[in-house]
Amino acid sequence: MSLNYIKNFYEGCLRPPTVIGQFHTLFFGSVRMFFLGVLGFAVYGNEALHFSCDPDRRELNLYCYNQFRPITPQVFWALQLVTVLVPGAVFHLYAACKNIDQEEILERPIYTVFYIISVLLRIILEVIAFWLQSHLFGFQVHPLYMCDASALEKAFNVTKCMVPEHFEKTIFLSAMYTFTIITILLCIAEIFEILCRRLGYLNNQ
């Protein structure tokens, strides 16, 4: 029986009850994760090693890099992806435990409401992630970062630091914003599809 729950949960995650939801899963699971996993590592993988300040001292470089990056972009985006997956995963786990077929989700009002709530939670989480990303990383990576290192040593005061491959990082940053916007639009479109199909079921009855 437990294997059947796992199978239903797996199928529910891979094949949501809506066409747009299935496209969202494909887009989310393949394109977005591939982009982050492969290109994200190529762009940000060695950033800390090449981040240098004047004077070029290890403790100063580390201090200023931690100030420049309170959280590394790869970790932030990985947390974003996992967090956004949670509402859908919880719903499909519930559906698997109740042996609810994917077709039933849009036929019975209570399941439809629960599914719409999970989609709305995804939208909210994506909007929060967009806001956090804009505050943590901004919309453009500048070649120079002015670091306040006076807490480390008064002689340093404000020092200039070179940000490696800033143009590539700006492009990647823009791409991640775009992915977030596309995901939000897909979730909104999925809600409209659910409402249209619900109206179709009601008219057929």
Residue-span extension gain [Val19 to Glu193] - 0.36 nm each, minus C-alpha spacing: 61.8 nm
Within the accessible area of the chain, what % is carbon and sulfur when the probe is 1.4 Å and the other protein chains stay in place? 68 percent
Taking the C-alpha atoms of segment 15-102, how large are the radius of gyration and the largest Cα-Cα span, Dmax, in Å? 19.5, 64
Using helices alone, what [θ] at 222 nm do you get for the chain, with -39,500 (n - 2.57) per DSSP H run of 4 or more residues, divided over all residues and rounded to the nearest 500? -22500 deg cm²/dmol
So, for segment 3-204, what is the accessible surface per residue at a probe of 1.4 Å, expressed in square angstrom? 56 Å²
One would report the Cα pair-distance distribution of segment 126-186, bin width 5 Å, in %, as 4, 17, 19, 17, 15, 12, 9, 5, 2, 1, 0
Across the chain, what fraction of all alpha-carbon pairs, as a whole percent, falls in each successive 10 Å bin from zero upward? 8, 29, 25, 17, 12, 7, 2, 0
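The values are calculated or read from the model by the stated rules, or taken from the named source; none is laboratory data. The structure displayed is predicted, hence computed values, not measured ones. Note: accessible area is taken over every heavy atom of the protein model, side chains too, but ligands, DNA and RNA are not part of it. Shrake-Rupley method; radii C 1.70, N 1.55, O 1.52, S 1.80 Å.
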